[in-house]
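Quick notes on the structure that follows.
The values are calculated or read from the model by the stated rules, or taken from the named source; none is laboratory data. Predicted, not measured: the structure shown is a model, and the values here were computed from it. Cβ atoms come from the backbone with ideal geometry, glycine included; neighbour counts cover every protein chain shown.
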Amino acid sequence: MKKNLVLKGLPGSPGIAWGPAYLLDPLVFDIPRYSVEPSWVESEIVRFRNAVGESKKQLTEVQVQLEKEEGSKDLIVIIGTHKAILEDDRLLEEIESFIRAERANAEWAVKEIFDKHMRFFNKIKDEYLRERKRDLEQISKRLIQNTMGIEARPKIEIGDDEQVIVVAHDLAPADLAHLDKRKVVGIATDVGGEASHFAILARALGIPAVVGIKYATRETRSGDTVILDGFLGSIVINPDESTLERLRWRKSRYEAHRKELFDLRSYPAVTKDGHEANIEFPEEIPSMIDHGVKTIALFRSEYLLLTYGRLPTEEEHFKLYSEILRSVAPNYAIIRTLDVGSDKFAEIFGIALEANPALGLRAIRLCLKRREIFRTQIRALLRASVHGNLKIMFPMISTLDEVIEAKGVIEEAKAELDREGIPYSKDIKVGIMVEVPSAVAIADILARHVDFMSIGTNDLIQYALAIDRTNERVSYLFRPLDPAILRMVKTVVDAGHSAKIEVAMCGEMAGDPLYTMLLIGFLIDELSMTVPNTLRVKKIIRESTIEEAKEIANRALTFDKAMDVEKFILEEVNRRFPDELAELSSASSAKELFNA
Amino acid sequence: MKVERELEVINELGLHLRAAVEIAKLASKFGAEIFFIKNKSKANAKSVLSVASLAALKGATLKLVAEGKDAQEAAEAMAKLFKARFGEER
């Protein structure tokens, strides 16, 4: 049995719940694909039409059943839209033509045509509209099941006095209708986003939910105890008794606190565009109360590739960057140049797939190789720089040559703009991400060539401890408080400060309140994090002094093992902030908590 | 008869599924062929999926093209539906 296993997903519906897991069968089945004899084509079409009729009938039955239940109006409407799609003559004709043209069996035709439309939805920029592909997936699944004569309704038998956490691959609105809401205290799904219909309905019904957990159904067994945090989007499988006990009496307090954070989520301009907020630390910690979140510490320019699904033009780059810079001016925004590899956006760049993309031609390596793409981005950045206070950051630097070469591209672009008479800011700071161990080793050398450095902890931990991120068997090594990581962080901060440049940190560690005091103690100048984390981190900062933070950092460096550091930090933080550091603060700290 | 008209999407959620359903329902009451054109995409107003695929957000303008005997009535009814936010509050 898995103990204290933390799985991360996305917040679907706020609230905290725990209980025995009730696993819904994922209903995995192979979709047959074959050609039929010409004389059978018409009977395939009949089979398809019957399945459409049956599917509509099932959905109507669900609606009728729901009429009797209070508060299910939204659900009825959504199920109605699913029915309407099954009545879309153009769609039905398209499927029938496919059956005729390909002499395809009905299941194959349904899958083929629905997949085609779903691919189209994938390209939609707006998250809400894009999530509608999930609806298509659910409709197509029902249709295929009915074509094949498989029972489409999930079998749900929850005991009368039981209250369970439902764990499912996906939940169609109609599936939700089959659940007895009085018996379901929380729901966790492998797929889906905040805007999936299921999440919207769960919010309307007030059932805490976490979506997009990927491995929820794989890691959970029916009967496992599951704690679900619908605010931050994580679940813990089989937490120990003392943890559960503490959670019980703290729940109300915890929920009030989390509510405050969850409400912050409703500022879409900050989170949806991939913007990240940051908190600055001038010499005096209390003064940061006034600072709040004013700057953008990391803008991931890959956002553009996501948006366009192709390489953006210089104008498209320019437009977005100008907008970002204007939005925070006169404060700065750090824009990171393209950080992509063969695992992401390979098609767009036309690069070959690699056996090990994490160690492959990616980020700055790829940009220097594909100079024209890089140049386009740099030109747009320079042109946009007149609209605010721009800082440029290069990702995945591993040698000084890369820094010099990349800065060379900036200089070339400036010369070009000069010739064309196009203005740009004369004061653009250029920095690097320190996330490869070689960059840590030569941090003092690199520091002399850049204006700032930012430690990217997610990648640094992975590279430093040689963890293959896709290999779960080594994921236990991923510990931000490993002495190796602490020493590396200190090395980089000291190297930066000796060269009189600022050192920032981004990555999950930077936004996790558990580590805040430690990081301030290391004298890191800037922590970059997602907006929802700022409140909690801020609170810790405001109630700490730099002296005690330094003391904690120094003592943390004296331990030999990750576990000892974790214990120490946990005790220190828990002693000072017992309420703040609730059990499920975030999946990463929860993991340490449970291991401690 | 051919009628062309510009329609603005004014409801908060844009042309999501439910709105697309309302549009297709209304369009199907008319004999005229009704299409929406947005940038380079063209959608058949009688197809829910086709309309939803336009991914039209609040503020988007669609060109409606209706062709047939009752094109004029169809265009007017459609304009009313857009104005009524497809029956949504916001």
**Prompt:** Picking from A:P32, A:P38, which residue would you name as being modelled with pLDDT under 85 and away from chain B (no Cβ under 14 Å)?
**Reply:** A:P32
**Fill in**
the stretch B:1-81: strands (runs of 3 or more DSSP E) wholly inside it with 2 or more residues that are on the phi < 0 side of the Ramachandran plot and among the aliphatic types (A, V, I, L, M) are B:2-8, B:33-38, B:61-67
**Request:** Output the residues belonging to the stretch A:452-466 that are buried (at least 17 other Cβ atoms within 10 Å of the Cβ) and over 19 Å from the mean Cα position of the chain (by Cα).
**Result:** A:F452, A:M453, A:S454, A:I455, A:Y463, A:A464
**Asked** What's the number of the condition A:R365 fails, among (1) within 24 Å of A:N471 (Cβ to Cβ); (2) touching a Leu at 6+ places or on another chain (Cβ under 8 Å); (3) among the basic types (K, R)?
**Response** (2)
**Request:** Out of the residues in the stretch B:33-58 that are away from every other protein chain (no Cβ under 11 Å) and crowded, with 22+ Cβ neighbours inside 10 Å, state the one that is farthest from B:A71 (Cα to Cα).
**Result:** B:F36
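For the structure I just gave you, tell me whether A:F98 is in contact (Cβ under 8 Å) with a residue 12 or more places away in the chain, in contact with a strand residue (DSSP E or B) (Cβ under 7 Å, 6 or more places away or on another chain), part of a helix (DSSP H, G or I) and not assigned by TED's automatic domain parsing to the domain that holds A:L176.
Answer is yes for this residue.
Pick from the stretch A:119-132 the residues that are within 10 Å of chain B (Cβ to nearest Cβ) and assigned to a helix (DSSP H, G or I): which of them is nearest to B:A60 (Cα to Cα)?
Quick first cut of the stretch A:119-132, residues within 10 Å of chain B (Cβ to nearest Cβ) only: A:120-121, A:123-126, A:128-132.
Adding the requirement that they be assigned to a helix (DSSP H, G or I) leaves A:120-121, A:128-130, A:132.
Details: A:F120: 19, A:F121: 17, A:Y128: 16, A:L129: 14, A:R130: 16, A:R132: 19 Å.
Result: A:L129.
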**Message:** Can you pull out every residue in the stretch A:97-117 that is within 11 Å of chain B (Cβ to nearest Cβ) and not aliphatic (A, V, I, L, M)?
**Reply:** A:F114, A:K116, A:H117
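Each row is one residue, and each column tells you yes or no for (1) in contact with a Phe, Trp or Tyr (Cβ under 6 Å, 6 or more places away or on another chain); (2) free of Cβ contacts under 8 Å to residues at least 24 places away in the same chain; (3) over 17 Å from B:S50 (Cα atoms).
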{"residue": "A:D89", "(1), (2), (3)": "no, yes, no"}
{"residue": "A:E93", "(1), (2), (3)": "no, yes, no"}
{"residue": "A:A109", "(1), (2), (3)": "yes, no, yes"}
{"residue": "A:F114", "(1), (2), (3)": "no, no, no"}
{"residue": "A:M118", "(1), (2), (3)": "no, yes, no"}
{"residue": "A:F121", "(1), (2), (3)": "no, yes, no"}
{"residue": "A:I124", "(1), (2), (3)": "no, yes, no"}
{"residue": "A:E127", "(1), (2), (3)": "no, no, yes"}
{"residue": "A:R134", "(1), (2), (3)": "no, no, no"}
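Does A:E402 satisfy the criteria of being of a type in the set (D, E), more than 23 Å from A:V440 (Cβ to Cβ) and not assigned by TED's automatic domain parsing to the domain that holds A:K123?
Answer is no for this residue.
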**Asked** Only one of (1) over 21 Å from A:L86 (Cβ atoms); (2) touching a strand residue (DSSP E or B) at 6+ places or on another chain (Cβ under 9 Å) is not met by B:G31, so which one is it?
**Response** (2)
**Asked** Of the residues A:L338, A:L390, which is touching a Ser or Thr at 6+ places or on another chain (Cβ under 7 Å), part of a loop (DSSP other than H, G, I, E, B) and closer than 15 Å to A:G431 by Cα?
**Response** A:L338
**Prompt:** Does A:I139 qualify as being within 14 Å of another protein chain (Cβ to nearest Cβ) and surrounded by 23 or more Cβ atoms within 10 Å (Cβ to Cβ)?
**Reply:** yes
**Prompt:** So which residues in the stretch A:331-352 are at pLDDT 80 or above and not polar (S, T, N, Q)?
**Reply:** A:Y332, A:A333, A:I334, A:I335, A:R336, A:L338, A:D339, A:V340, A:G341
**Complete:** With criteria (1) exposed (fewer than 13 other Cβ atoms within 10 Å of the Cβ); (2) part of a helix (DSSP H, G or I); (3) more than 14 Å from chain B (Cβ to nearest Cβ), A:V62 comes up short on (1)
**Item:** Residue that is nearest to A:R555 (Cα to Cα) [pool: residues in the stretch A:488-534 that are at pLDDT 85 or above and small (G, A, S)]
**Value:** A:G521
**Asked** Restricting the stretch A:65-96 to residues that are within 14 Å of chain B (Cβ to nearest Cβ) and small (G, A, S), which is farthest from A:S35 (Cα to Cα)?
**Response** A:G80
**Message:** Among the residues that make up the stretch B:59-72, is at least one of them at the interface with chain A (Cβ under 9 Å from one of its Cβ atoms) and crowded, with 16+ Cβ neighbours inside 10 Å?
**Reply:** no
**Candidates A:V77, A:V52, A:V64, filtered to the one that is farther than 23 Å from B:I23 by Cα, aliphatic (A, V, I, L, M) and outside the structural domain of A:K181 (by TED's automatic domain parsing)** = A:V64
